1. Before we move on, is residue 27 farther than 30 Å from residue 8 by Cβ and exposed (fewer than 14 other Cβ atoms within 10 Å of the Cβ)?
2. Of the conditions (1) modelled with pLDDT under 75; (2) not in a loop (DSSP other than H, G, I, E, B), residue 17 clears all except one; give me its number.
3. Looking at (1) surrounded by 10 or more Cβ atoms within 10 Å (Cβ to Cβ); (2) modelled with pLDDT of 75 or more; (3) part of a helix (DSSP H, G or I), which one does residue 77 not meet, given that it meets all the others?
């Protein structure tokens, strides 16, 4: 039987550090596809156009906004138990 690296982090450094490394691993792996799209946009930009003047840049920015929303709603909130944000009890405290 092998021990998972996550358990070793929890055992030696604590739950807070293990949570941080787990979240960073999840976040980094979900950034890989969007980074690949950004690399493609960089290499297939029109000739003589700088990165700042790329006509496809607004498309990439909208794609990044949708990525951020989907990352939070699909990956983080349900799987990490952060549904308290959507509860009426939390919203009542904020108002």
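1. Here the answer is no, as residue 27 does not meet what is asked.
2. (1)
3. (2)
The values are calculated or read from the model by the stated rules, or taken from the named source; none is laboratory data. Owing to the predicted nature of the structure, the values given are computational and were not obtained by experimental measurement. Counting neighbours? That spans all protein chains shown, and the Cβs are built from the backbone with ideal geometry, glycine included.
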